[in-house]
Each structure stands twice: as C-alpha cells, then as structure tokens.
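Q: The structure follows.
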Amino acid sequence: MPLAFRSTPVVTGALLVLSGLAFAVGGAWLLALGGSVYYLLAGLGLVAVGVLLLKGRRQALWLYGLLWVATLAWSLWEVGPDPWALEPRLLLPTLLGLYLLMPGVRRKLDGRRPVGRRGAWVLPLLGVLLVGSLFFAHPRPQPAPDLARVEAPVSDGVAEADWPFYGRTPRGERWSPLEQITPGNVTQLENAWTYRTGDQARDGENEHGYEFNVEVTPIKVGDLLYICTPHSQVIALDPDTGVERWRFDPKPQTGNNAYLACRGVSYYEAPAGTPCAQRIIAPVADARLMALDAHTGQLCDGFGEHGYVSLRRHLGAVPEGFHFVTSPPLVAQDRVILGGWIYDGQATHEPSGAVRAFDPVTGEIAWAWDVGRPDSPVVHPAASETFTRGTPNAWGVYTADVERGLVYLPTGNAVPDYYGAKRRPFDERYSSSVVALDIRSGAPRWTFQTLHHDLWDMDVPIGPTLVDLPQPNGASVPALVQTTKRGELFLLNRETGEPLADVEERPAPQGGLPEETVAPTQPYSVRMPSFAPPPVREQDTWGVTPFDQMLCRIQFRRMNYQGAFTPFVQDKPTLVYPAFDGVIDWQGASLDPLHRRLYANLSYIPFVAEVYAREDAERRGLVEPWDGKGTPPRPKDFAINPQYGTPYVVKVEPWLGILQAPCKAPPWGQLAAVDLDSRRIAWQHDVGTTRDTGPFGLHLNLPFPTGIFNIGGNLNTRSGLIFMGATADDYLRAFEASSGRELWKTRLPAGGQATPMTYLGKDGRQYVVIAAGGHGGLKTRSGDYLKAYALPAQGR
C-alpha cells in the first residue's frame, strides 16, 4: 500500500488536532464576547479525537460519534429543522464522520480488525445521499387553483400589442393583457431571436466596485422595439426578427462615471405637422437629454440645441460623472419629467437634486421642483438661476396618474447618504419620500415620508404602483402601493397621500456619531404585509463550513447592532440590515390590476459599515485629501464614501465570510405575491440557485436552491404568468401567478439583471424579451444580449 494510505489515521489525527485548536481558540474568543460555548467545547473534543487517532485508538470513533450527536442536538436546538441553517453545522462534521468509518481508516485502528465489504460502498453512498438531500429538503410550491378569470375590459389607453412605457403604462403595473402564452403552454417557449448590441464594459468600468450594468427594459411602439445601452446608444429593432433598423451613438464622456446603466427610453408623439413628430426621448450618461426621430434615429433638430438639452443647466458646478440619468424620463401631458442620479457619498454641497420638466418639442424647461424652495415650482428659470445644491434627488423611474394630472417622485437623501448632521429642514421634509406633483405646473400636492432622517441610503428607488381598490358600495378608492428598500409596503390614497393602511411610529435605535441627531421613531405600515427581515441573531450567521460560520459569529458579536436602522459609530463596524441594495430595490413590483395582486422579488443580504476619522482614512490610503476645488478625487473602491466636508469617511460592503460566502443564512432571494384586497401574503417562495456563485467568486456550477440575490424586476400577464430573470444564476423563469410555482426556465448567456417585457409582433406571436448583459454589483456574467422568446410559429 502507498505510505499515505497506510498512515491515514495519523494524517487525519494531526489535522483534527490543528483544527480543534483553531476551533477552541475561536470558541474561547466567541464565548468571551458573549456568544455560544459550543465552539470551544467542540474544539476541545476534536483535539481529543485527533490525539486518539494519532495513537491508533478505535475509541476515537466512539468519541467522535458522541461529538457528532452533541453537534446534532445543539444544531436542532439553535435553528430547528431548517436545512440551510443546518448545513454549515452538520454537513462537514457528518462527512468527516463517514470518512472515519471508511474501511481504509478503521483497518488502521486497534490491531487492524477486519471490516465488512459493505462498508466499502454503503458509507460513501450515505455521504452522497446526505449532500444530495439538500436539493430536496425544502418545501416546493404546489399548484394552486387558478385565479378567477375577470372579464373586465382593459381600458388603460395602451394598445394590447404594445409596451410604450417602462411599466407598459404610466401607472407602473408591468402587466400585459396578452394571453397567448399561458401556464399550459409556457414550457414550449423557444428562443425566437437574439440581438447583440456590441456595447460592453471598457477597461476599469467593472472593477473595484464600479459597475457596468445592463438593466434596460425595451419599449415597443407600433412596428419597432427600442432599447438603450449603458453607454447611451439608442437602438431600434424589428420586433419580430430582432434585426437592427437604426442606431444612434451620442458618444458620451463617461470616464468618471461610477455607475453605467440605462434602464430605458421614452416615446412621445407630437401634434400632427410637427417636424420629427414621433420621437424617442433618451438620457445620455454625461448629463444630456436627446430627442431622436423614432423612425430614422436622426436627432430632432428643433429639440434644445440640435437635438440635445444639457441637464447641467441651473445646477451650478457639476464635476464630470456627478450627475447622470439612469432611468427613462416620464413623458405625459406634453411634459418630459426627470431628475437624476447624483454621485452621492462624495461630498456635501453637491449638485442639486431638482426635478425638471421639459417641453418635448422644443426642449425648453417648463418648470423645476427645487426642494430648497418646494412650495412654488420654478417656472421658466432665468439663465443665471441655480437650484439649491445638495438636495435629495429622485433617480428612479417615475409613475403617474395622468387622468388626475399627478406624477409621483421617489426621493433619496440630501448628500452625503451616511452623515446627516448638516441637513436642512427642507432636506429632512422630503428625503426618502414619495412626492406627488402636478404634471403640468410642478406644484407639490402632497408628500409621504417612508423613513425619517435616513442615515443608511434607504432612499425610495422607484415610483409607486397605482391600483384602484373596490369598496363594498361599488365605488373604488384611487390607491398606490409604494415599495421600499426596507421591505415595507405603504398603501396610500394617491389623490391625498393619506395612508389607507395604518402607519405606526415605532421607537428606533439611538446613539451614533457625536454630531448626529437620530430620529426617535420610524414609520411602519402595520396593516400591510411586510417583507422586512427580522433582526439578525448570532444563530442566524452562516458559512460554507463550521469554521467560517464561527468567524462570522465572532464578527457579529463585535459589531454595533441594535436591529434595523442602527446608527453608525466610529469605534466598531455597524451591521446594516436591511441595507441600501434593499429588500426591494429599483425594480419595484408588478401588479395584476384585475385581481389586485402585487408581485415582488426580494433580496436579503446584510452589509457592514465602517466609519473612519478623515485623518485616519487619509493615512490608510482610503481617500486622498481634497481642498474643495474642482472634481473630488475618485475613491479607489466604490464601497468607500469620502464624504468631503464632513469629519468622516464611510466604507460599506456586503457582510461576507473568509470564503466570500454570505455571513447570513439563506434564503437570499425570494418571489412573493400580496393580495391587496385581503392585505395578506398570498405566497412567498425562495427563487434562484447558487449555480453561478461560489466561495471566492468561483462559479462552481452547484445549483443549491438557496434562493439567490436578484436585481431587476418582473412582469405578469393576464393569462396567469410571471416572468423574472433578475436572479444571479443567469436564468429567465416563468412562474404560475396563482401559486408561485416555477413552470419553465431557460439559461441566459449573461446575467439577466433587468426587467422583462412582452408584446405582440406583426406575425401574431407573443414575445417575451429580456436584456442579458450582467451586473457589476452582483458580479454576474457580462454580455450584450437581448433575448426574445415565443411559442413555436406553428405550435400556438
């Protein structure tokens, strides 16, 4: 026999002694921090087993068996029968126990006693079954009765075949009346066409936390499909074949942009006789707005200056990369309304977050809503006028009740995100809110704040979804549902902003930085379902192995944490959960207006914030000194917030263990449905697998059904389907709307972190289209694909 095999117990014993010592030292540290005693005792037990193996004693097997039983009992006591919570506690110890029972090991203990031949194959088989059981130990969604068909006609003003707005209508529903693709035939979907834009990340654009993200949702108007790329190219395609009809490249300057994405373009039809009557209004990544002829792709010369409007006007000094638009503007009632993404976290006194409305024909500014003077919008500002700097912006997709003449803005924070000591009363009033403005005049009608004195970048990332709620007397209430990064759902009267479901102020954690004032309470939507995660406990920590889980426990015990909205401190890291990537981020939720069901995909990942005194941060090389003139130095990593003009630098990163696996137990991604009539969760299921993720960022192709992080939205159809491709495992999936059961999936060539859409082609086929180009934040595969799926041409 080879020497290594003959000495197996010796090698194993030595490894167990070393592992046990590491376990015992870490366990003693954890115990001193007030944590579990298990790791100290288990470490001492492993040392004893290792010593017995070194001596060739079969008692090592009995002692390890007792240790395994104790580990099992402790695991069930801590987390119950939850398979994913049990995995780091039991998988490796169980596999080690099976290994110790292998014939090749037992033959070397106590006089080389014979081992039955069954041991040569039974025990390995048990190990395989143990690992494989992780795939089947989770509840699977079961079929549910179909949602009762509602025969109500669709009267949303949009042709059934088209998808002319980001959410198909200005109401933000992302619902289609099309019924050709059904739960019964969705498994027959096939790739109808694939288009590649050719626009991919350039050097440095997807590194050090800076992101190049393909997040576009196409729009379809008449005989053309329109998309934009992260570098602001606008492309028109044949919706039946994916053949390019035209392309326009504005060649933006994006060298200092930290985030490159374009979520969509907008369509406007001018009065008859207007030159360039059908036009595409699109943002440009270097703070411009452009209008293109929808049929030819040529610039509309009468819009602004030869087709362009500068979005830097009235903002004062705007360093390169400090203002850009990622979302399509809202086009309604002859207004083009948009705000923009301010490169927050960099400094105080950054450019204004003012929301502006432009004339879609001339490009002239019609009004501006400036938070610094919010009660009277600025109409046709003078050329020298500058809007209030450093105010909350509204960077997400806007929604509107066009009939009532109201546009709904989702607002963020005054800059910087993580330091509020210098905020002004008007900043505090309008940050992290949904604000209703008059579409034509910009006059504010009402505001509702979802979080007070936001210190965690929990801005409202998308406008609300509108819904009409029937009443017993036959009337209906005009309502909206505002999703939030917090996971709270706020149900409001969209005419008045008054809550239709009770909102309660609850005490919030106190403390924080010495200069900071922390809100004493925060609002909670107590009569609506909440997807906010429960507070993290030590036993909720996770890891691939018991070792990295133990280290995550130690980290948890050393952190500043009082639950949601714990204020930052300087002497220790702060656990932030939920965090700025949300539970529900910029994708919002889709809505079935006939059944009044809301569908949202959810992500659960804690973050850790570290606060450094500015001098310390400069000494460590995290940031460079800046005198306040010109463009601030770009931080080496997107996670670093220099916050020039404040005493502190803040670094915010996901809470990961030493193997780069999350320190919080799964599920990490879910899909859920809310019945708005009963105000209850209809179903909530894990969605996505670990196929394209793994320790150290490796793609190990192990599709454990943990539920996985997702960025991007979903759509739902009248036929009872939900389509979603946002998960980090690079699949487009179709779900049964009545139950959430997965019916179909297809592998995407790159990450599908976008919101899909659907339309009817000239050939009579219903198409489902999604952009697949990856996401720098999720580190999914990059690409430049637009994928369209339909039923076989003869199989409809």
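The values are calculated or read from the model by the stated rules, or taken from the named source; none is laboratory data. Remember, it's a predicted structure, so these values are computed and weren't measured experimentally. Using ideal geometry, Cβ is built from the backbone for each residue, glycine included, and neighbour counts are taken over all protein chains shown.
Q: Among 54, 95, which is the only one that is modelled with pLDDT under 95, within 22 Å of residue 551 (Cβ to Cβ), surrounded by fewer than 20 Cβ atoms within 10 Å (Cβ to Cβ) and aliphatic (A, V, I, L, M)?
A: None of the other options fit; the residue is 95.
Q: Which of the residues that make up region 622-644 are at pLDDT 95 or above and on the phi > 0 side of the Ramachandran plot?
A: Of everything in region 622-644, just one residue is at pLDDT 95 or above and on the phi > 0 side of the Ramachandran plot, namely 643.
Q: Just need a number here: residues in region 583-606 that are crowded, with 24+ Cβ neighbours inside 10 Å and at positive phi.
A: The qualifying residues number 1.
Q: Can I ask one more? Can you tell me which residue in region 167-198 is farthest from residue 783 (Cα to Cα), limited to those that are part of a strand (DSSP E or B) and of a type outside the set (Ser, Thr, Tyr)?
A: Checked region 167-198; the qualifying residue farthest from residue 783 (Cα to Cα) is 175.
Q: Now for a separate question. Hey, among the residues in region 617-667 that are assigned to a strand (DSSP E or B) and free of Cβ contacts under 8 Å to residues at least 24 places away in the same chain, which one's surrounded by the most Cβ atoms within 10 Å (Cβ to Cβ)? Write out each step before concluding.
A: Kept after step one, since they are assigned to a strand (DSSP E or B), are these residues of region 617-667: 640-641, 644, 648-654, 656, 662, 664.
Applying the additional criterion that residues be free of Cβ contacts under 8 Å to residues at least 24 places away in the same chain yields 640, 656.
Working: 640: 23, 656: 20.
Among those that are assigned to a strand (DSSP E or B) and free of Cβ contacts under 8 Å to residues at least 24 places away in the same chain, it is 640.
Q: Could I ask something else about it? Is one or more of the residues making up region 136-143 on the phi < 0 side of the Ramachandran plot, surrounded by 13 or more Cβ atoms within 10 Å (Cβ to Cβ), in contact with a helix residue (DSSP H, G or I) (Cβ under 9 Å, 6 or more places away or on another chain) and of a type outside the set (Gly, Ala, Ser)?
A: yes
Q: Assuming residue 212 fulfils every condition listed in (1) touching a residue at least 60 places away in the same chain (Cβ under 8 Å); (2) of a type in the set (Phe, Trp, Tyr); (3) surrounded by fewer than 23 Cβ atoms within 10 Å (Cβ to Cβ) apart from one, which condition is it?
A: (3) is the only condition that residue 212 fails.
Q: Would you point out which residue out of 214, 221 is aliphatic (A, V, I, L, M), more than 23 Å from the chain's Cα centre (by Cα), within 18 Å of residue 247 (Cβ to Cβ) and at pLDDT 95 or above?
A: Just a single option satisfies the conditions, and that option is 221.
Q: Still on this structure: How many of the residues in region 431-459 are charged (D, E, K, R) and free of Cβ contacts under 8 Å to residues at least 60 places away in the same chain?
A: Counting residues in region 431-459 that are charged (D, E, K, R) and free of Cβ contacts under 8 Å to residues at least 60 places away in the same chain gives 3.
Q: Considering each of 567, 523 in turn, give the residue that is under 25 Å from residue 397 (Cβ atoms) and at pLDDT 95 or above.
A: Answer to the check: 523.
Q: Looking at (1) in a loop (DSSP other than H, G, I, E, B); (2) modelled with pLDDT of 95 or more, which one does residue 205 not meet, given that it meets all the others?
A: (2)
Q: Now a separate question. Of all residues in region 715-745, which are among the polar types (S, T, N, Q) and in a strand (DSSP E or B)? Talk me through it step by step, then tell me what you get.
A: We begin by selecting, within region 715-745, every residue among the polar types (S, T, N, Q); these are 716-717, 719, 727, 738-739.
716, 717, 727, listed by residue number.
Q: Looking at (1) on the phi < 0 side of the Ramachandran plot; (2) free of Cβ contacts under 8 Å to residues at least 40 places away in the same chain, which is the one condition that is false for residue 54?
A: (2)
Q: Can you find, within region 59-81, the residue that is farthest from residue 553 (Cα to Cα) among those that are surrounded by fewer than 16 Cβ atoms within 10 Å (Cβ to Cβ) and not hydrophobic (A, V, I, L, M, F, W, C)?
A: Going through the qualifying residues, I end up with 59.
A quick yes/no check of all residues on (1) out of contact with any Asp or Glu (no Cβ under 7 Å at 6 or more places or on another chain); (2) of a type outside the set (D, E, K, R):
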position	(1), (2)
153	yes, yes
159	yes, yes
180	yes, yes
194	yes, yes
207	yes, no
216	yes, yes
230	no, yes
250	yes, yes
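Q: Something else about it: Does residue 761 count as in contact with an Asp or Glu (Cβ under 7 Å, 6 or more places away or on another chain) and not β-branched (Val, Ile, Thr)?
A: yes
Q: Would you call residue 44 buried (at least 19 other Cβ atoms within 10 Å of the Cβ), more than 28 Å from residue 133 (Cβ to Cβ) and out of contact with any Ser or Thr (no Cβ under 6 Å at 6 or more places or on another chain)?
A: Taking the combined requirement at face value, the residue does not satisfy it.
Q: Can we say residue 30 is of a type in the set (A, V, I, L, M) and either free of Cβ contacts under 8 Å to residues at least 12 places away in the same chain or under 17 Å from residue 8 (Cβ atoms) (or both)?
A: Criteria not met by residue 30.
Q: On to the next question. Can you say whether residue 787 is among the basic types (Lys, Arg), at positive phi and under 22 Å from the mean Cα position of the chain (by Cα), as far as the supplied structure shows?
A: Values: among the basic types (Lys, Arg): yes; at positive phi: no; under 22 Å from the mean Cα position of the chain (by Cα): yes.
When the stated conditions are applied, residue 787 does not pass them.
Q: Condition first: of a type in the set (A, V, I, L, M), over 33 Å from the mean Cα position of the chain (by Cα) and either assigned to a loop (DSSP other than H, G, I, E, B) or surrounded by 23 or more Cβ atoms within 10 Å (Cβ to Cβ) (or both). Now tell me which residues in region 331-377 satisfy that.
A: 361
Q: Moving on. State the number of residues belonging to region 378-405 that are crowded, with 18+ Cβ neighbours inside 10 Å, among the β-branched types (Val, Ile, Thr) and outside any strand (DSSP E or B).
A: Taking region 378-405 and keeping what is crowded, with 18+ Cβ neighbours inside 10 Å, we get 378, 381, 387-401.
Within this subset, residues satisfying the condition of being among the β-branched types (Val, Ile, Thr) are 378, 388, 391, 397, 399.
If we keep only those that are outside any strand (DSSP E or B) too, we end up with 388, 391, 397.
Here the count works out to 3.
Q: Just checking, does region 64-72 include any residue being β-branched (Val, Ile, Thr) and within 25 Å of residue 538 (Cα to Cα)?
A: Within region 64-72, one or more residues are β-branched (Val, Ile, Thr) and within 25 Å of residue 538 (Cα to Cα).
Q: So which residues in region 269-299 are aliphatic (A, V, I, L, M) and in a loop (DSSP other than H, G, I, E, B), if there are any at all?
A: Listed by number, the residues that qualify are 270, 272, 277, 285, 287, 294.
Q: Same structure, new question: Can you pull out the strands (runs of 3 or more DSSP E) entirely within region 462-534 that have at least 1 residues that are crowded, with 18+ Cβ neighbours inside 10 Å, of a type in the set (A, V, I, L, M) and in contact with a strand residue (DSSP E or B) (Cβ under 6 Å, 6 or more places away or on another chain)?
A: 465-470, 476-482, 490-493, 503-507
Q: Out of the residues in region 509-539 meeting the condition of being of a type in the set (A, V, I, L, M) and closer than 23 Å to residue 603 by Cβ, tell me which one is nearest to the chain's Cα centre (by Cα).
A: Among residues in region 509-539 that are of a type in the set (A, V, I, L, M) and closer than 23 Å to residue 603 by Cβ, the one nearest to the chain's Cα centre (by Cα) is 532.
Q: For region 168-177, give me each residue that is touching a strand residue (DSSP E or B) at 6+ places or on another chain (Cβ under 7 Å) and either within 16 Å of residue 267 (Cα to Cα) or of a type in the set (A, V, I, L, M) (or both).
A: 168, 170, 171, 172
Q: Taking residue 558, is it touching a residue at least 24 places away in the same chain (Cβ under 8 Å) and within 19 Å of residue 656 (Cα to Cα)?
A: yes
Q: A follow-up question, please. Does any residue of region 721-743 turn out to be at pLDDT below 95, surrounded by 20 or more Cβ atoms within 10 Å (Cβ to Cβ) and of a type in the set (Ser, Thr, Tyr)?
A: no
Q: Within region 262-289, track down each residue that is more than 14 Å from residue 219 (Cα to Cα), of a type in the set (A, V, I, L, M, F, W, C) and in contact (Cβ under 8 Å) with a residue 12 or more places away in the chain.
A: 270, 276, 284, 285, 287, 289
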